[in-house]
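Read through the structure below, which is laid out as structure tokens, and then see the notes.
The values are calculated or read from the model by the stated rules, or taken from the named source; none is laboratory data. These numbers were taken from a predicted model, which means no experiment stands behind them. Positions of Cβ are backbone-derived with ideal geometry, glycine not excepted, and every protein chain shown enters the neighbour counts. Side chains included, ligands, DNA and RNA excluded: accessible areas come from the protein's heavy atoms. Shrake-Rupley method; radii C 1.70, N 1.55, O 1.52, S 1.80 Å.
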Amino acid sequence: MTLTLRGLQPVGFVLGLCVRDCLAWPVPDGPGGGTLWLHAADTGTGHSVAAVGSAPGRSPSVLQSGPRRLWDEVETAWRWRDGQGRPTVQDFCLTATITSTGETAAVAQQAWYRDRKHPLAMRTTTAMRDI
């Protein structure tokens, strides 16, 4: 089966794969300015937040708080994307493995770039099984 993803911006897609478990919320403020808020939930060591403000003719200002340096992760993902020749959505694949024990099922999702020799970070989710 072939799945075609239309309407996804390649940059946002790649950042979503590389900067895991992070919500991005852009807040526009006038022509060409605004703040990009990044939030990552508590993973046992505290919440992480970053705010990146921009305005025409000014350098962006970055504030970060928490155990994860979210804007640093975004910059790292951006440089990786550029170094790979700016891949599109179609350059990525996903493998999902379901493991069931008793009343729960765990789903491991592995995204990879171009082939399985280039995996990105793995994500595992545990959910109750419908009975």
#### Entry: Per-region count, the range 30-40, residues closer than 20 Å to F13 by Cα and open to solvent by 100 Å² or more (accessible area, probe 1.4 Å)
1
### Query
Using beta carbons and a limit of 9 Å, which pairs, at least six apart or on different chains, have the first residue in the range 55-78 and touching a residue at least 24 places away in the same chain (Cβ under 8 Å) and the second one of a type in the set (K, R) and not in a helix (DSSP H, G or I)?
E73/R20
### Task
Would you kindly identify the strands (runs of 3 or more DSSP E) lying entirely within the range 35-105 that contain at least 2 residues that are among the polar types (S, T, N, Q) and within 20 Å of L23 (Cβ to Cβ)?
48-54, 61-65
### Message
Give me the residue from the range 80-131 that is among the aliphatic types (A, V, I, L, M) and more than 19 Å from the chain's Cα centre (by Cα) and, out of that set, modelled with the highest pLDDT.
### Response
I98
### Task
Would you point out which residue out of T43, T76 is open to solvent by 70 Å² or more (accessible area, probe 1.4 Å) and modelled with pLDDT under 85?
T43
### Summary
Per the filter on the range 17-76, residues farther than 24 Å from V89 by Cβ and among the acidic types (D, E) are D29, D42, D72
#### Entry: Failed condition for V27, given (1) part of a strand (DSSP E or B); (2) surrounded by 12 or more Cβ atoms within 10 Å (Cβ to Cβ)
(2)
